[in-house]
1. Give the stretch 9-22 a look and list any residue that's in a helix (DSSP H, G or I) and either open to solvent by 10 Å² or more (accessible area, probe 1.4 Å) or out of contact with any helix residue (DSSP H, G or I) (no Cβ under 8 Å at 6 or more places or on another chain) (or both), or say none.
2. Looking at M71, M98 in this structure, which one is surrounded by fewer than 18 Cβ atoms within 10 Å (Cβ to Cβ), among the hydrophobic types (A, V, I, L, M, F, W, C) and assigned to a helix (DSSP H, G or I)?
3. Quick check on my filter: what residues within the stretch 46-57 are open to solvent by 10 Å² or more (accessible area, probe 1.4 Å), at pLDDT 85 or above, out of contact with any Asp or Glu (no Cβ under 9 Å at 6 or more places or on another chain) and in a helix (DSSP H, G or I)?
4. Does the stretch 127-154 hold any residues that are open to solvent by 50 Å² or more (accessible area, probe 1.4 Å) and either under 27 Å from V62 (Cα atoms) or touching a strand residue (DSSP E or B) at 6+ places or on another chain (Cβ under 7 Å) (or both), and which are they?
5. Criterion first (open to solvent by less than 70 Å² (accessible area, probe 1.4 Å), touching a residue at least 12 places away in the same chain (Cβ under 8 Å) and either not in a loop (DSSP other than H, G, I, E, B) or not hydrophobic (A, V, I, L, M, F, W, C) (or both)) does L490 satisfy it?
6. Considering only the stretch 377-398, state which residues are within 14 Å of A492 (Cα to Cα), open to solvent by 30 Å² or more (accessible area, probe 1.4 Å) and touching a helix residue (DSSP H, G or I) at 6+ places or on another chain (Cβ under 7 Å).
7. Within the set of pairs 6+ apart or on separate chains, which have a first residue in the stretch 91-119 that is more than 26 Å from L16 (Cα to Cα) and in contact (Cβ under 8 Å) with a residue 60 or more places away in the chain, a second that is open to solvent by 40 Å² or more (accessible area, probe 1.4 Å) and not in a helix (DSSP H, G or I), and C-beta atoms under 9 Å apart?
8. With respect to A105, is the statement that it is assigned to a helix (DSSP H, G or I), aliphatic (A, V, I, L, M) and buried (at least 20 other Cβ atoms within 10 Å of the Cβ) true?
Amino acid sequence: MGFISCVLIMFTYFFLDMSFSIPGAANTVTNFMGSTFLLSIIGAFISDTYISRFHTILMFGVVEIVAFTIMTIQAHDKNLHPKRCIGKESCMEGGIGMMFYTSLALLALGSGGVRGALAAFGADQFDITKPNGKKAQGSYFNWLLLSTTTGAIVGVLGFVWVGTNDGWWWTFCLSVICCFVGFSLFLMGKPFYQIHVPKNSPFLSIGQVILGAVKNRNLKLPETTEELHESSSNKPAIERKLTRTNQYTWLDKAAIVPNESKSSELVPSDVCTVTQVEEVKILIRMLPIILSTVVLNTCLAQLQTFSQAQGNFMNKKFGKLDFPAGSIPVIPLIFMTILLPIYEFFFIPFARKFTKHPQGITQLQRVGIGLVLSAISMGVAGLVEVKRRNQSKINPLKPISLFWLSFQYAIFGVADMFSLVGLLEFFYKEAPVGMRSLSTSFTWISMAIGYFLSSVLVDIVNSVTRTHTKKGWVDGMILDDINLNLFYYLLAVLSLINFAVYLLSASLYKYKKEEDGLLVTEMGSTATSVAMVSASEDTLPKSTSVDETNEVVNNEKEHVAPSTDLKADS
């Protein structure tokens, strides 16, 4: 409720009250959003390394509340607003500027930190050693997005409307109240949560593998996997070992056992395990997927900046009500709120009959659908801008309806539904256990790069298209005098090129494979894997505890000979 509504009013608030120009306000919003999502890696790192995800969420939640409080004070007191200046993108200076940017920095840190731990914390609550737990975890990401969109609808319709009519400070004030209530409810749930305490730094493990591979770069890899170092198999089920793959084999040298050393006597600082090496390989394989979704998030940034600028020059009447331009994103939110339950209860069971995949289609297929729809959304946005500008030139007193923007918002809303949930689930399930917060934060890092790219792209486009007689495509205060439609078309073309790159990256990606077979992998037979889990679960007494279950699993593993077929394993 709080964060989304504040983001939606930021452009107008910066432009009208804080004396920013149109490109200045747009770049400030996109830089803020980029910083928010980039800082999610801090929350992810802290929750994976030092304190639990539960305490990380609460700690950064307090920072978020403080930020909203400062923004409320500044928005309410007109003396804390900068004086309007001419010919500058921003009029911020002195103590007013310091207060303004401090509040934005704290909000970016607080919101980003919470995001970095929240998705992984929720997914931790499911027992994926059971078929029902695995399916429920997949559904969790859909419900997480549904709860987010439901709250956003309240914020977009209620908070934005109140802020537009009674002052922007009311939006920030309501955000303070909602954050306090939300984190209080979260704290009250502590007795019911599974709280995992972090063990080792994921960055330390990554560094050990890279340094080990460099140190042993001149050594020859052994002929069989069994000659490489691996920890004892007698571990809890949650710490499953990963099967060696034949990608990036130069990293395997980090697991070479030193001469005249016994594997059982080695300490972690001496040599890495095969599982550690495979964890780093997983992160490397994820990089092209992350980069392939950046352009999608650049398109998202336009809906929160330039599309709102369009709305300010359109007819905002909805019957007798004056519909604020900042509330137009409620349309994709409503679409998503309706479509998510349909997707969960109808599409997934229907698709599962044909694909045999637990979630109907794979995570990467969902992301691909989102990328295509984002390109279509930008093309539609360009067409709507042409219609708006033509009507404005014919009769400025009779602009087209604000709800023409609903087409681009609705299409992108569906794109976001597919891509965001697909990415969160993909990064969580593919990540090593100790890096799940860090991995899910990759979704937000992709958004961060996308927002930063938007700011850079605006400046580049203006520089390239500016001449002595004409301004750049998106440079100026009056929307009718710029070529926003061409900027949208450019993004549509970039999105199509990006989709082609994504298809290549997704086709080359190899899903992780675990030794015990308890997790379904999309490279193997899903039906067979689920049957294996069901069979192993049915052999256990109903009252079996988690520790007893792990012991049974480990005992069963001791009777299974390790695979030596590297090609089949990979």
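1. Within the stretch 9-22, T12, F15, L16 qualify.
2. Just one listed residue meets the conditions, M98.
3. Answer for the stretch 46-57, where residues must be open to solvent by 10 Å² or more (accessible area, probe 1.4 Å), at pLDDT 85 or above, out of contact with any Asp or Glu (no Cβ under 9 Å at 6 or more places or on another chain) and in a helix (DSSP H, G or I): I46, H55.
4. Correct list: W143, S147, T148, T150, V154.
5. Spelling it out, L490 is indeed open to solvent by less than 70 Å² (accessible area, probe 1.4 Å), touching a residue at least 12 places away in the same chain (Cβ under 8 Å) and either not in a loop (DSSP other than H, G, I, E, B) or not hydrophobic (A, V, I, L, M, F, W, C) (or both).
6. V380
7. Correct list of pairs: G112/L39; G113/L39; R115/L39; G116/L39.
8. no
The values are calculated or read from the model by the stated rules, or taken from the named source; none is laboratory data. Everything numeric in this text was worked out from a predicted model, so none of it was measured. Glycine also receives a Cβ, built like all others from the backbone with ideal geometry; neighbour counts cover every protein chain displayed. Accessible surface areas use protein heavy atoms only, side chains included; no ligands, DNA or RNA. Shrake-Rupley method; radii C 1.70, N 1.55, O 1.52, S 1.80 Å.
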